[in-house]
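What follows is a short report on a single structure.
The values are calculated or read from the model by the stated rules, or taken from the named source; none is laboratory data. In this text the structure is predicted, and so the values were computed from the model without any measurement. Positions of Cβ are generated from backbone atoms using ideal geometry, with glycine treated the same way; all protein chains shown enter the neighbour counts. In case anyone asks, the SASA skips ligands and DNA or RNA and just uses the protein heavy atoms, side chains included. Shrake-Rupley method; radii C 1.70, N 1.55, O 1.52, S 1.80 Å.
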Amino acid sequence: MADSARNSALDETAELDRLNGELEGASPEKILPWAAETFAPDVILTCSFQHDGVVLAHMLTTIAPWVPIVFLQTGFHFPETLAYRDEIVGRFGLNLRETLPAMPREELGRVHGLDLYRRNPDLCCQINKVEPLRAALEGVRCWVNGRRRAQSATRKSIAVVERYEGAVHKVNPMVTWSAADTYRYMQQRGIPEHPLFDKGYASIGCAPCTRPILAGEDERAGRWSGTAKTECGIHTFLKPARGVS
């Protein structure tokens, strides 16, 4: 790396560290306006209509209602999730934008079989979630999402702001929140719960790959249970920007 490029990368890393230091103790209601103003109009929120994403979507209705709420329509969601999505969108007037899988369901069945999730869950997620999100991120500079450190061991070190190649900044306003914080926000504002929440589904993805959690398990233990898989891939496919570890 040339000296000028190395110095630039170091400067950007130092700035990112400074920014994270300032935002670490800030509430999501403070982080969201900063993100919207800094990166407008190139901002999206991804929301799978789990509670954390719903809370952020609700906050955006007053902070920046123009921000698109991107829902990755995989074709494998629980019917309850789709009904809940429609209820939340209708109640709060969300600016919803849905993606479609990279391969239509009929073609997926013909080429790979509709049980691909069982034989090769990484490929299934790649087709139905990662590639659609990659397309949705074209031209986007700020991707807001609802990840929290307390959700699992794989998320315990995420920062408020992460910088990736292609000038994409991933903003995680809820990193310091607990599930109780999310639930409290919803209760105080009359936001309905996902209908599967009371049945033990703490983290809800595609129906074939999600089960209720057991006592003592972390929130995401019900995802891809019995396999080594812990993430669908949408939060791991981007490469950190140069100089960012």
Looking at this structure, is R134 part of a helix (DSSP H, G or I), surrounded by 15 or more Cβ atoms within 10 Å (Cβ to Cβ) and either basic (K, R) or at pLDDT below 95 (or both)?
-> yes
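Here's a check for you: in segment 229-245, which residue that is under 20 Å from the mean Cα position of the chain (by Cα) and aliphatic (A, V, I, L, M) is farthest from N20 (Cα to Cα)?
Restricting attention to segment 229-245, the residues satisfying the condition of being under 20 Å from the mean Cα position of the chain (by Cα) are 229-241.
Pick out the ones that are also aliphatic (A, V, I, L, M) and you get 234, 238, 241.
Values: I234: 22, L238: 19, A241: 16 Å.
By that ranking, first place goes to I234.
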Test result for A215, open to solvent by 40 Å² or more (accessible area, probe 1.4 Å) and either hydrophobic (A, V, I, L, M, F, W, C) or modelled with pLDDT under 95 (or both) | yes
For T81: the one exception among (1) closer than 28 Å to P121 by Cβ; (2) open to solvent by 20 Å² or more (accessible area, probe 1.4 Å); (3) β-branched (V, I, T) = (2)
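Take the residues in segment 76-114 that are among the acidic types (D, E) and either free of Cβ contacts under 8 Å to residues at least 12 places away in the same chain or in contact with a helix residue (DSSP H, G or I) (Cβ under 8 Å, 6 or more places away or on another chain) (or both), then tell me which one is nearest to P192 (Cα to Cα). Steps first, please.
The initial filter retains those residues of segment 76-114 that are among the acidic types (D, E), namely 80, 86-87, 98, 106-107.
Keeping just the survivors that are either free of Cβ contacts under 8 Å to residues at least 12 places away in the same chain or in contact with a helix residue (DSSP H, G or I) (Cβ under 8 Å, 6 or more places away or on another chain) (or both) gives 86, 106-107.
Numbers: D86: 12, E106: 34, E107: 36 Å.
Only one residue tops the list, namely D86.
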Test: K229 is more than 16 Å from R148 (Cα to Cα) and open to solvent by 50 Å² or more (accessible area, probe 1.4 Å) = no
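Are any of the residues in segment 79-102 among the hydroxyl-bearing types (S, T, Y) and touching a Lys or Arg at 6+ places or on another chain (Cβ under 6 Å)?
Of segment 79-102, the ones among the hydroxyl-bearing types (S, T, Y) are 81, 84, 99.
Subsequent filtering for residues that are touching a Lys or Arg at 6+ places or on another chain (Cβ under 6 Å) retains none.
Scanning segment 79-102 turns up no residue that is among the hydroxyl-bearing types (S, T, Y) and touching a Lys or Arg at 6+ places or on another chain (Cβ under 6 Å).
Out of the residues in segment 210-245 meeting the condition of being outside any loop (DSSP other than H, G, I, E, B) and of a type outside the set (S, T, N, Q), tell me which one is farthest from L45 (Cα to Cα).
So the first thing to find is which residues in segment 210-245 are outside any loop (DSSP other than H, G, I, E, B), and the list is 210, 223, 240.
If we keep only those that are of a type outside the set (S, T, N, Q) as well, we get 223, 240.
Details: R223: 22, P240: 19 Å.
Filtering first and then ranking leaves R223.
Which residue is most open to solvent (accessible area, probe 1.4 Å), if the candidates are limited to segment 84-114 and must be over 19 Å from the mean Cα position of the chain (by Cα) and closer than 23 Å to Q187 by Cα?
So the first thing to find is which residues in segment 84-114 are over 19 Å from the mean Cα position of the chain (by Cα), and the list is 87, 90-93, 103-114.
Filter once more, so that each one left must be closer than 23 Å to Q187 by Cα: 87, 90-93.
Details: E87: 77, G90: 62, R91: 127, F92: 49, G93: 61 Å².
Top of the filtered list is R91.
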So which residues in segment 17-39 are open to solvent by less than 50 Å² (accessible area, probe 1.4 Å) and within 14 Å of R141 (Cβ to Cβ), if there are any at all?
-> A35, A36, F39
